[in-house]
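Every read-out reported here was derived from the displayed coordinates using simple, explicitly stated rules and does not represent laboratory data. Please read all numbers here as calculations on a predicted model, not as lab measurements. For neighbour counting, all protein chains shown are included, and Cβ atoms are generated from backbone atoms with ideal geometry for every residue, glycine included.
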Amino acid sequence: MPAKSSAVLLSAWLCISLSVFFQTAQADITEILPRMKTSIVGIGTLHPLRSPRIKLMGTGFVVADGQHVISNSHVAPELMEEEKGESMAIFLRTDNGISVRKATIVETDKAHDLLLLKIEGSALPALTLADSDQAVEGQIYYFTGFPIGAVLGLYPATHRAGLAAIAPIFSPPAAARGLTAKLIKRADDPFLMFQLDATAYPGNSGSPLYDGNTGLVIGVVNSVFVKGAKENALSNPSGITYAIPAKYVQALLDKTGFQSPPTRGIK
């Protein structure tokens, strides 16, 4: 066969193979996404005397027995008007509109920016944690949450993220005057984070980072690298997002008495 014909056939084969590969990858996420969304909730507060009564502050996802939710500790407000009836709450979209459930804080892990909530009502479908130590740089994951909070409404959005690096989040400031108590503590006890080649926004905090084939949760989105003032997270996003490895979520669950479940994917 002439070399030119061979090259044409090889090129055509590569195009078909790549097309099939990308179609398969797309089919995987579209198949599991409806199931994932039933386990992803908005996190915020409920205040009977406020208008509007609900305030969406971040994202969370259901774990364990279906009555517990993981999010970031920084999502919870420092102060609440509990004497006026304000409480933590989760929000989820159902066929009948938005459902609101009260929640209570079970445990916090501020060192790893994690929060565990107990929710009222019947159990919701729970997500399963992956072994985050098996994560490899270059893998593609997805995260689903509520970017920019209630501005876009309670409609979970899904983004694709490449695992760009596994490294400590701590970065020393250029000058000593830039040191803060938080930075000093982080430098004292650094831990590895997932650096993602993706853009998350305020409201995405607490979003599960998961495998598009199995739905296993590999991490929890918790922060975005911001260039300059924090307002730039919206106007000039850096495209760099960080996530907490799921092993710290499992440690939090173990601490509160939940046994590690067998690793499995979406049912």
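Please give the FRET efficiency for Lys255 paired with Thr30, using the beta carbon to beta carbon distance and R0 = 41 Å, rounded to the nearest 0.05.
After rounding, the FRET efficiency stands at 0.70.
Where Rh denotes the Kirkwood radius from the mean inverse Cα pair distance, what is Rg over Rh for segment 40-119?
Rg/Rh for segment 40-119 comes to 0.96.
If I model a spin label at Glu120 and Lys102 as a point 7 Å from the Cα along the Cα→Cβ vector, what separation in nanometres do I get?
The two pseudo-label positions are separated by 0.4 nm.
Computed FRET efficiency, Cβ-Cβ of Ala111 and Asp197, R0 22 Å: what is it to the nearest 0.05?
Result of the calculation: an efficiency of 0.30.
Greater than 22 Å separation of Cα atoms is the criterion. Which listed pairs, Lys37/Lys255; Lys55/Lys255; Lys102/Lys247; Lys55/Lys84; Lys110/Lys247, meet it?
Over 22 Å Cα-Cα: Lys37/Lys255; Lys55/Lys255; Lys102/Lys247.
Step through the residues of segment 72-85 one at a time and calculate ³J(HN,Hα) from phi using the Karplus curve (6.51 cos²θ - 1.76 cosθ + 1.60, θ = phi - 60°), rounding each to whole Hz and writing x for Gly and Pro.
For segment 72-85, the Karplus curve yields 8, 5, 6, 6, 6, x, 5, 10, 9, 8, 5, 5, 9, x Hz.
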